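Notes for the one structure printed next.
Where a number appears in this text, it was derived from the coordinates with a stated rule and is not lab data. What you are looking at is a predicted structure, and each value in this text was computed from that prediction instead of being measured. Glycine also receives a Cβ, built like all others from the backbone with ideal geometry; neighbour counts cover every protein chain displayed.
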Amino acid sequence: MTAGATSTSLTNPLWVIKTRFMTQNDKTPYRYNNTIHAFRTILNQEGVRGFYKGLGSSLIGVSHVAVQFPLYEELKSWFAHHDATAGNTGILLASSLSKMAASTATYPHEVIRTRLQNQTVQPFKYNGIVHAFKIILEEEGYRGFYKGMPTNLLRTVPSSALTILTYEVIVHRLDLLKNSGP
């Protein structure tokens, strides 16, 4: 989690720029031509703080790993004890299910982070994480916290499953090499 928090803090300016590019249209108060233009415009109009909008919410999202990895280990062990889901199939199932559970549990931080990052014109609609939570809940209900989640799961679950499977296969092969040596 410490590595995730450090990485998140260092890359938040890039996430702000990425989010703004993804959401800009004819109605947004910002319009960037490229990454350098976005960087300069945010710095000039919003100052350094503009690059750290949504950071608190992003740091809450680091808790995702505290859900995913322990659940993955439990599911992997459970699947390993059932012959039909042993080996790579069990790893893929365990990693997919743990990623889905962790993403579902922590997804609201992504909606809040995006809403905070998109604010450029004052007065801001959202005055921080708690205020954003209250406003979204009041205006959109709990469903508002899960907008875009199916697309997010379609993007992240296969990637996570393949990454974990690759890791497990490499570790297994390295263990075989280590144990077969002199």
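Which Cα, out of 56, 43, 91, lies furthest along the positive dipole direction of region 2-180 (beta carbon charges, K/R +1, D/E -1)? About the Cα centre, the residue reaching furthest to the positive side is 43.
Between the Cα long axis of helix 108-117 and the first principal axis of the chain there is an angle of about 30°, rounded to the nearest 10. Shown here for region 70-155: chymotrypsin sites (Phe, Trp or Tyr not before Pro) in loop regions (DSSP other than H, G, I, E, B) with at most 16 other Cβ atoms within 10 Å, namely 124. Between residue 18 and residue 74, the modelled label-to-label distance comes to 2.9 nm, taking each label 7 Å out from Cα in the direction of the beta carbon.
On a full-extension model of 0.36 nm per residue, what is the gain between residue 63 and residue 6, subtracting their alpha-carbon distance, rounded to one decimal in nm? If you can, show how the numbers build up before the last one.
On the way: separation 57, 0.36 × 57 = 20.52 nm, distance 1.31 nm.
This chain segment gains 19.2 nm when fully extended.
The helix-only estimate of mean residue ellipticity at 222 nm for the chain, built from DSSP H runs of length n ≥ 4 each weighted as -39500 (n - 2.57), is -24000 deg cm²/dmol after division by the residue total. Using R₀ = 41 Å, calculate the FRET efficiency as 1/(1 + (r/R₀)^6) where r is the Cβ-Cβ separation of residue 82 and residue 124; round to 0.05. The calculated FRET efficiency here is 0.20. Net charge dipole, region 62-146: roughly 280 debye, given to the nearest 20, about the Cα centre with Cβ charges of +1 for Lys and Arg and -1 for Asp and Glu. Can you give me the angle between helix 149-180 and the longest principal axis of the chain, using Cα atoms only, in degrees from 0 to 90, rounded to the nearest 10? Computed tilt is about 40 degrees.
Taking all Cα pairs closer than 8 Å and separated by 6 or more residues, the relative contact order of region 17-120 comes to 37 percent.
Could you give the dipole magnitude of region 2-180 about its Cα centre, charging the beta-carbon of Lys and Arg +1 and that of Asp and Glu -1, in debye to the nearest 20?
The calculated dipole for region 2-180 is roughly 700 debye.
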